[in-house]
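Everything below concerns the one structure shown next.
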Amino acid sequence: MTQDTRAEAVAPPHRSGRPHSETRPEGALSRDAWGAHLRSRGLRVTQQRLAVLTALHEQGHLLADEVSRAVRTGGGRAADMSLQSVYVVLGDLERTGLVRKVDLGTGGALFETRVGDNHHHAICRVCGFVEDVPCAVGRTPCLDPGATSIRVDTAEVVFRGVCSTCAASDSNNLGVKND
């Protein structure tokens with residue numbers, strides 16, 4: 001299963017926003033497992049933590065301010081959460097392994113709930129479309145760094161290019177041929 005998000009036409013190149021289907025993203029815990037996972041890590045199950053997880057689960061790769069906006073517009077008891085509180089919750093969720101922080105070099109870290117594998121990302125330089133890509137060799141850490149004193153436990157690969165929608169658009173004048 002491939003998880004992907006597509007930016008709105010006015011979005012900066014690092015945004016994403018097409019919601020996931022109702023199924024959980026591959027490699028993510030189910031909503032039912034969130035509470036038990038938090039408690040097993042010594043954290044309380046709060047409305048704020050659940051609201052942040054829900055926003056990421058439903059919308060995919062998001063910046064912290066996008067998470068904050070999603071939580072505020074989602075209503076509920078966490079709707080008055082400050083951006084600082086969102087950052088605190090994201091840090092807690094990242095430390096517990098429920099959220100992955102991804103730096104695609106686009107000006108801000110994206111957060112996602114797909115944490116159970118070592119997948120990579122492809123990003124469109126034009127619209128900011130972000131797509132999950134399976135590990136290049138199917139196992140962690142994907143890439144052998146050669147001689148190093150570091151025990152590698154993850155490798156991040158970012159593929160950059162132009163998505164098929166942007167390549168097909170005449171308005172972009174990208175010089176990309178449609179096949």
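The values are calculated or read from the model by the stated rules, or taken from the named source; none is laboratory data. If you're wondering where the values come from, they're calculated on a predicted model, not measured in any experiment. Cβ placement follows ideal geometry from the backbone for every residue including glycine, while neighbour counts extend to all protein chains displayed. What goes into the accessible areas is simple: the full protein's heavy atoms, side chains included, and nothing from ligands, DNA or RNA. Shrake-Rupley method; radii C 1.70, N 1.55, O 1.52, S 1.80 Å.
Structure summary
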quantity	calculated
Unique match (being small (Gly, Ala, Ser) and either open to solvent by 70 Å² or more (accessible area, probe 1.4 Å) or assigned to a helix (DSSP H, G or I) (or both)) among ALA122, ALA147	ALA147
Residue count for the stretch 28-57, restricted to those that are in contact with a strand residue (DSSP E or B) (Cβ under 7 Å, 6 or more places away or on another chain) and acidic (Asp, Glu)	0
Close pairs from the stretch 96-107: first in a loop (DSSP other than H, G, I, E, B), partner open to solvent by 40 Å² or more (accessible area, probe 1.4 Å) and not charged (D, E, K, R), Cβ under 7 Å, at least 6 apart	GLY97/VAL115; LEU98/LEU29; LEU98/VAL115; VAL99/VAL115; LEU104/VAL158; GLY105/VAL158; THR106/PRO13
ALA28 being over 26 Å from ILE123 (Cα atoms), modelled with pLDDT under 90 and in contact with a Ser or Thr (Cβ under 9 Å, 6 or more places away or on another chain)	no
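For every residue, the table says whether it meets (1) of a type in the set (D, E, K, R); (2) over 12 Å from the mean Cα position of the chain (by Cα).
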position	(1), (2)
ALA55	no, no
VAL67	no, no
ALA78	no, yes
ARG95	yes, yes
VAL102	no, no
HIS119	no, no
